[in-house]
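Readers should treat all values here as calculations from the given coordinates under stated rules, not as data from a laboratory. This structure is a prediction, so every number in the text was calculated from the model and none was measured. Positions of Cβ are backbone-derived with ideal geometry, glycine not excepted, and every protein chain shown enters the neighbour counts.
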Amino acid sequence: MSNPFRLPMAPRAIRNLFSKPATRRYPYEIRPRFDGARGTIKFDVDTCNYCTLCAKRCPAAAITVSREDRTWAIEHLTCIGCNVCVEVCAKKSLAMSTEAKHVHTHAEVGPQGQRPGHEEWHGADPAIAAAAAKAAAELSIDAPSS
Amino acid sequence: MKRTIVPFGPQHPVLAEPLVLDLVLEDEKVIDAIPTIGYIHRGLEAMVDRVEYTEMGFVVERICGICSFMHGMGYCLALESIMSVEVPDRARWLRIIWAEISRIQSHLLWLGLGADAFGFENLFMHCWRMREEILDIFEKTTGGRIIHSVNRIGGVKRDISDSELIAIVARLDGLGKAFEATARVFANDPSIRHRMSGVGVLSMADARAVDAVGPMARASGVRMDTRLAGQNLYDQIEFEPVLETAGDCLARVVVRMREVRQSIDLIHQMVDKMPKGEGLPLENKPRGNPSGETFTRLEQPRGEVVYYVKANGTKYLERFRARTPTFANIPAMIKLVKGCDLADVPNIILTIDPCISCTER
Ligand code: SF4
Ligand code: SF4
């Protein structure tokens, strides 16, 4: 039996008196996340070609893509942050940012059943997009002559 | 004498997890303990018929929040053996480095919980402060603190650069030094000895008879460790399992403390032995669908885990099963609880390091 009068925690306790606290004052002081930490998915509406591959591969079925309507939507609260969609996207339209997932309160759900964490993009209609591109091209051709 | 039945759990202050035991008491002595499992059964194994085998890895990882890396790794190893995928060397080394880091994490977590259970909250904080550093290493290298999602069938998704590896080893060395101070408290503090020493003794013969696994068996002197089989590159490093002979609660604490030190040493060896360089291949993508069946064993922090996978050539597996270490240790726990004092029950239960979410999946 070891000596009950020895105080094995004493050196530690004395050191703790003079050292910084081990914890942060959380909401006022937030540790920045490390590079490469997985946080929220960022979507780039301009490069996506609505191939639906990300939606097919997402293990949590958090992504819905419609090729006809050219919409891309994600449920951030369903996403498990596995990074698979980023890996499969050939167009590099998806990126994993280190930003932590947004915290939603119960009040946000609301009586009408709003969907917190739902984010949706609508791509321009290809016909409109093509017309806009054509107009822009014409403008730039016209520009020097005027 | 009149018998009383005291329900222990599913809500109990010492254990965050819903372990259910009915303790049959005669005065203060426990005569019998009847476990009930299935309280948090989530049916994860049955998900194989709805989740494709490529995505199932993410489900398997979520069997448990402490061994999540090893669960993911075990699943991938099983599928790789069925599909005969050759995993690149560096990926194999990275996997076991992460596995050992997660062993340190798990043991620190447990030592903290153990301290909390016998009322030493201060020590609990110290253990968890060290564990936090390990979680930082995980967040830096895998992107996630608890769920890492780096294992894929055929390799790993992320590399750790050589300089980063050296930094990690240095950091673990620092952690090892800080751990010594805490380990001294565990080994010498009179109140801890009083609560743990000689309590819940599992003899070597009993440990073999009830098929205890992991630190539980090693604390009773049974030389049993899946890493001894030399799979997963453990044959290329010097490894000898930590053994204690006392078999009591204190021995189980000591085994885990020594395993923390041992894991730091193993990581040293692994970093020395692994192939170095930037841009080495990390993944060989499997082709087609798996067909066949396999068993894979792995040494998790709590003991041996066994995965059984049966695939039938479609993208859905036919059967997946995980036999987790706590499941194997429950008979040993029941054996120890019988005949002890009611006041010792929480300590005994905690020293088997129960993970109920693993057990019930
Ligand atoms: S984000 Fe990428 S993978 Fe998803 S639909 Fe768009 S282009 Fe395809
Ligand atoms: S990170 Fe994973 S879960 Fe989240 S949207 Fe992408 S594929 Fe789905």
Alpha-carbon centroid distance for the pair the range B:91-141 / the range B:160-188, whole angstrom: 11 Å
Relative contact order [Cα under 8 Å, 6+ residues apart], the range B:78-208, whole percent: 23 percent
Leading residue at positive end of dipole, the range B:199-294 (Cβ point charges), from B:A212, B:G277, B:A229: B:G277
Of every Cα-Cα pair in the protein assembly as shown, the percent that sits beyond 40 Å: 31 percent
About the Cα centre, charge dipole magnitude for the protein assembly as shown (Lys/Arg +1, Asp/Glu -1 at Cβ), debye: 540 debye
Rg/Rh ratio calculated on Cα atoms of the range B:164-266 (Kirkwood radius): 1.03
Charge dipole (debye, nearest 20) of the range B:209-361; +1 at Cβ of Lys and Arg, -1 at Cβ of Asp and Glu: 560 debye
Mean-position separation - Cα centroids, the range B:1-36 and the range A:22-68, in angstrom: 45 Å
Distance histogram in 10 Å bins (all Cα pairs of chain B, percent per bin): 5, 24, 33, 24, 10, 2, 0, 0
Global geometry of the range B:280-351, whether rounded, prolate or oblate, following the gyration tensor of its Cα atoms and the 1.5 cut on a/c: prolate
Mean Cα-pair separation over length for the range B:183-311, i.e. relative contact order, pairs under 8 Å, 6 or more apart, %: 25 percent
Label zone at B:F239 (point 7 Å along Cα-to-Cβ), backbone N below 20 Å, the range B:255-295: B:255-276, B:295
Cα centroid separation - the range B:247-272 against the range B:62-87, whole Å: 23 Å
Rounded to 10°, Cα long-axis angle of helix B:162-188 versus longest principal axis of chain B: 10 degrees
Cα-centred dipole magnitude for chain B, charges only on beta-carbon of K, R (+1) and D, E (-1), debye, nearest 20: 420 debye
With Cα atoms, 0 to 90° folded angle of helix B:68-83 axis to chain B main axis: 50 degrees
Selection of chymotrypsin sites (Phe, Trp or Tyr not before Pro), the range A:1-106, meeting DSSP coil and at most 10 other Cβ within 10 Å: A:F5, A:Y28
Signed unit charges on C-beta, dipole axis of the range B:240-361, positive-most listed residue B:G288, B:V305, B:V253: B:G288
Neighbouring partner chain Cβ atoms per residue of B:143-150, average, 10 Å criterion: 5
Signed unit charges on C-beta, dipole axis of the range B:261-359, positive-most listed residue B:T324, B:T351, B:L266: B:T324
Chain B, relative contact order in percent, only Cα pairs under 8 angstrom and at least six apart counted: 25 percent
